[in-house]
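The values are calculated or read from the model by the stated rules, or taken from the named source; none is laboratory data. As the structure is a prediction and not an experimental result, all values here were calculated from the model. Every residue, glycine among them, receives a Cβ derived from its backbone with ideal geometry; neighbour counts consider all protein chains shown. Only protein heavy atoms, including side chains, enter the accessible area calculation; ligands, DNA and RNA are left aside. Shrake-Rupley method; radii C 1.70, N 1.55, O 1.52, S 1.80 Å.
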Amino acid sequence: MIEDLVRTAQERQADRAVPAERLLAALPQRAAGARRRRQFGVLGAAMAAAAVVVAVTVPVVALRGSVPEPAVVADAPSLSPGVLVTPTGAAQLGMIAIRYGPAWIPSGFSESIRQADSAGPSGQSLTRVWKKQAGAGDPWSGASIALTIRTEVVDPARTLDTSGQKVDINGAEGWFSPSRGDGKAALAWVAGYDTVLMISTSHVEVIAADLLRMARSVGPALALTSVPVLLGWLPDGWETGGVTISGPSAAAWRYEITAGRSPVASPGPEKSVADSSSVSVVVGTVTEAPAGGEKLTVRGRPARHPVRTDAAGHGLTYLVVDLGQGRVMTLTGEGITLGDLTRIAEQAALPPIGFTPKDLGWLDH
Amino acid sequence: MTFEEFVSTRLGNLVRYATVVTWDAHLAEDITQNVLVRAQARWSRIGRMDAPELYVKRMVVNEFLSWRRRRAAQSIPVTAETLDGFLPATRDLAADHDERDAMLRLIATLPPRQRAVIALRFYEDLAVEQIAEMLGCRTVTVRTHLARALATLQGALPATLVTAEELPR
């Protein structure tokens, strides 16, 4: 019967689905991208509904027992105007444990981004991204090769998509999904009892042999990366989300931290907008906020509160603080008042102006 | 069911479903990701539903049809004569394989809404009434899409593949 032919064809088509593993690994980045597009209006209203924050606990502050909490201040006004919260030493910075890294990468690429998320569905995740070019602003566009390290994965072998080509990664069974002309290839394997590694490409064609070579060069890495900015205060029910460090050089580091209302803490009425409440805090050398805005003073520094009037910018609140010496802190909030945004800015723990953590040297490569 | 539980247990099925609905693995990837990002933001509501997976699948098909509306130019009407060009004139030694390939190519030429309907009917095994509810249309509309899709496929397939009793009633 023709229905049977249709069903058979549909099953074959379903087998062409991209690996769920690849989709899952890209999800935090997609969520962040959706939020950025919402904030900056790149795609305008079409993406307006997609603003979301991966509202989960930051997984990566290693050495948790030995690292003091961020400079939590009970009330914002208690900070001395004009004085940044200054860690007294490197020990007060949060740290990201790198865990794994490649000994070889295709020529022309250098590490430009480290992003940590608590992916939730499949444990914690850290993504290291190698690019050909890195700028001072939003780091995600352009060709890249990423190594995603997912830890605390329950039954990791079961999470692998096995529809691709079976390959050997130093004795481990890996699965390779080649690019189909779209610059997206993926290679995933289990690296430990609770760890899944995946190398994926975006917007670049890398030959399979090079991806395999890179994968086979991956080994344990004991390095740590500093988190130079920490949030000292968030509204009730909010949690810190993803952490991204990038930049064209160590001295020009860009740090972004996102936070949002915890899904668990959401009140959950049918038409609640609480779930989309989020904030992005970026400290870098440039801002992507709109120009102008009401002049304010935050942390004793000049600040401004630009307002978007276009449809895509409706509901977004911006606060830009000039930290001095070319450093700018940009807060973009949704579902949050300017007062709360200001309080987050006032109580964020920042390093001294001009401070460059020694372990950001990877940005200079 | 939490969002994390949903994703960890249902993502594979969801992306396969999206691939059948869209008939394009990479579009399915994009649409699934977009839908999951939106679904996560609303999960406090979706997670309390009796059938959250059905709701997310509805989001996928609606996203696909919206996407198609935004890019209507990509829907190219194709005549049966044109479709003949996709098919071998006679069966060859690899006939069975070719027949399956022919069906794959033919389904790709169906209008998006017809393709979505046959995905829901034959891949998801949903009843016509359920499909109508999912697409927000009348059951007669679903039956029309279904009949037209099958007639198109049947008319374009080599006669050796379709017997007389299979003609749509």
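Does A:SER262 qualify as being modelled with pLDDT under 75, open to solvent by less than 20 Å² (accessible area, probe 1.4 Å), within 14 Å of chain B (Cβ to nearest Cβ) and over 21 Å from A:PRO352 (Cα atoms)? Here the answer is yes, as A:SER262 does meet what is asked.
A:THR162 meets the conditions (1) in a strand (DSSP E or B); (2) modelled with pLDDT under 90; (3) open to solvent by 10 Å² or more (accessible area, probe 1.4 Å) in every case but one. The failed one is (1).
Taking (1) within 18 Å of B:ARG58 (Cβ to Cβ); (2) more than 7 Å from chain A (Cβ to nearest Cβ); (3) not hydrophobic (A, V, I, L, M, F, W, C) in turn, B:THR2 satisfies each apart from (1). Among residues of the stretch B:132-143 that are in contact (Cβ under 8 Å) with a residue 24 or more places away in the chain, those with a Cβ under 6 angstrom from a residue that is surrounded by 15 or more Cβ atoms within 10 Å (Cβ to Cβ) and among the basic types (Lys, Arg), sequence gap 6+ or separate chain, pair up as B:MET134/B:ARG58. Between B:ILE118, B:ILE131, the distinction of being under 21 Å from B:ARG16 (Cα atoms) and more than 11 Å from the chain's Cα centre (by Cα) belongs to B:ILE131 only. Output the residue which, of all residues in the stretch A:18-44 that are open to solvent by less than 10 Å² (accessible area, probe 1.4 Å) and facing another protein chain (nearest Cβ under 8 Å), is modelled with the lowest pLDDT. Only one residue tops the list, namely A:ALA34.
For the stretch B:22-62, enumerate the residues that are within 11 Å of another protein chain (Cβ to nearest Cβ) and under 17 Å from A:GLN13 (Cα atoms). Hits for the stretch B:22-62 are B:THR22, B:TRP23, B:ASP24, B:ALA25, B:HIS26, B:LEU27, B:ALA28, B:GLU29, B:ASP30, B:ILE31, B:THR32.
Can you find a residue in the stretch A:201-213 that is on the phi < 0 side of the Ramachandran plot and in a strand (DSSP E or B)? Quick ask: steps written out before the conclusion?
Our first condition is that a residue be on the phi < 0 side of the Ramachandran plot; within the stretch A:201-213, this holds for A:201-202, A:204-213.
Checking the rest, the ones that are also in a strand (DSSP E or B) come to A:201-202.
Taking every residue of the stretch A:201-213 in turn, at least one turns out to be on the phi < 0 side of the Ramachandran plot and in a strand (DSSP E or B).
Just one of the listed residues (A:ALA250, A:ALA172, A:ALA208) is touching a residue at least 40 places away in the same chain (Cβ under 8 Å) and either closer than 30 Å to A:ALA348 by Cα or assigned by TED's automatic domain parsing to the domain that holds A:LEU126 (or both), namely A:ALA250.
Checked against (1) modelled with pLDDT of 85 or more; (2) in a loop (DSSP other than H, G, I, E, B), A:THR244 meets all criteria but (2). For the structure I just gave you, tell me whether A:VAL279 is crowded, with 18+ Cβ neighbours inside 10 Å, at pLDDT below 90 and either farther than 20 Å from A:SER125 by Cβ or more than 22 Å from the chain's Cα centre (by Cα) (or both). Criteria met by A:VAL279.
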